[in-house]
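Here is the structure we will look at, set down as structure tokens.
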Amino acid sequence: MRILSGYMPPSEGKATVAGFDVFTHSLEARKHIGYLPETVPLYPEMSVWQYLDFFGELRKVPNRDDHVEEAMEAVHMTDRADSLIGNLSKGMRQRVGLAQAMLHKPDVLILDEPTIGLDPAQVKDVRELIRELGRERTVMLSTHILSEAQALCNRVLIINEGKIVAEDAPDKLRSRLSGGDRVGLRVASDGAGLAEALSAVSGVTSVREVKDGEFEIETIPGGNVRPELARVVVNGGWGLLELKAMGLSLEEIYLQLIQAEVTEAETQSPVGEAAHA
């Protein structure tokens with residue numbers, strides 16, 4: 001993110017934004033980027049309007065007042081224009097940072113951990129704001145909170161030790177790695193004997209009892225066996241409460257990929273071979 005935003009030069013390789021090389025045409029590339037670092041660079045003694053006007057002047061934004069007004073409207077802070085930044089909550093300060101990043105109407109917004117340290121209500125507000133911004137421009141989001149990526153992103157890149165180990169839409173990643181479909185099942189009784197009955201259904205590859213009355217069922221890819229599972233539960237008198245399709249979470253996908261990388265590295269290294277032997 002620092003390389004893409006022009007804060008540091010690349011040691012190797014090439015990166016372009018809007019067709020401009022971030023090293024050889026850094027100023028042109030940066031005109032198309034809005035960057036919100038993890039620690040938002042704010043001046044607490046300034047009002048919201050003064051801060052945005054100052055950054056507009058630095059960026060040589062034409063019709064500065066109009067751009068400042070539009071940026072504040074986009075992050076829903078028009079009523080806080082005269083408030084000192086130092087008196088704002090952390091969630092509000094995050095909004096000011098977002099307004100600064102989009103002040104010059106960039107094609108790409110780069111956001112580094114935009115919800116870190118926020119309370120649940122503030123996280124919800126910032127996520128909704130990011131969704132709104134994503135309808136009009138490309139948003140690149142870095143986060144260690146994988147549920148956040150799952151909630152916000154339509155494309156995910158998972159990076160381990162500087163290398164991309166997976167890149168796809170979340171749903172496609174789930175189907176690729178799970179090797180099959182998953183179904184969640186909940187019944188009214190304790191489920192005694194149900195696991196065996198479910199395992200006998202054609203297309204079911206495994207049944208795991210999560211706790212009394214709750215099961216996770218693995219099935220062959222593309223085979224919808226839920227009607228048959230429902231029939232078994234109802235006919236057996238277990239009392240069907242819930243039956244739903246499930247997918248791997250991004251946390252599970254991440255752990256699978258990282259574990260595969262570690263296993264491969266251990267297998268290829270002399271130490272790993274000795275341990276394996």
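A short reminder: the numbers here are calculations on the coordinates, not readings from a lab. These numbers were taken from a predicted model, which means no experiment stands behind them. Positions of Cβ are backbone-derived with ideal geometry, glycine not excepted, and every protein chain shown enters the neighbour counts.
Name the long-range amide H neighbours of V156: under 5 Å, sequence gap of 5 or more, or other chain; modelled H, no Pro or chain starts.
Those lying under 5 Å, H to H, from V156 are D168, A169.
Can you list residues from other chains, or at least 5 along the same chain, whose modelled amide H is less than 5 Å from the amide H of V139?
Here L109 satisfy the definition.
Nearest 5 percent is fine: what portion of the DSSP beta bridges confined to the chain is antiparallel?
Of the beta bridges lying entirely in the chain, close to 75 percent run antiparallel.
Once fully extended, how much extra length lies between R131 and A188, figured as 0.36 nm per residue of separation less the alpha-carbon to alpha-carbon distance?
Values: separation 57, 0.36 × 57 = 20.52 nm, distance 3.86 nm.
Taking R131 through A188 to full extension adds about 16.7 nm, to one decimal.
Would you grab the residues whose amide H sits under 5 Å from the one on V17? Only those 5+ places off in sequence or on another chain, please, with H modelled 1.01 Å from N.
So V17 has HN proximity to V22.
Could you calculate the contour length gain from D65 to I159, that is, 0.36 nm times the residue separation minus the distance between their Cα atoms, to one decimal place in nm?
Result: 29.8 nm gained on full extension.
Kyte-Doolittle cut-off -0.5, length cut-off 20 Å along the helix's own axis using Cα: show which whole DSSP H helices in the chain pass.
Membrane-span-like by this rule: 120-134, 250-268.
Students often get this wrong, so check it: of K14/K60; K124/K244; K31/K60; K31/K105; K124/K172, which have C-alpha atoms separated by over 19 Å?
Exceeds cut-off: K14/K60; K124/K244; K124/K172.
Rounded to two decimals, what is the ratio between the C-alpha radius of gyration of the stretch 1-80 and 2.2 N^0.38 Å?
In units of the globular-protein estimate, the stretch 1-80 measures up at 1.28.
At a Förster distance of 45 Å, what's the computed FRET efficiency of A18 paired with I220, Cβ-Cβ distance as r, to 0.05?
After rounding, the FRET efficiency stands at 0.50.
For the chain, with only Lys/Arg (+1) and Asp/Glu (-1) charged at the beta-carbon, what is the dipole magnitude about the Cα centre, in debye rounded to 20?
It comes to approximately 460 debye.
May I ask you to derive the FRET efficiency for E228 and E251 from their Cβ-Cβ distance with R0 = 30 Å, giving the value to the nearest 0.05?
Using R0 = 30 Å, I get an efficiency of 0.50.
To one decimal place, what orientation-averaged projected area in nm² is obtained for the convex hull of the Cα set of the chain?
21.0 nm²
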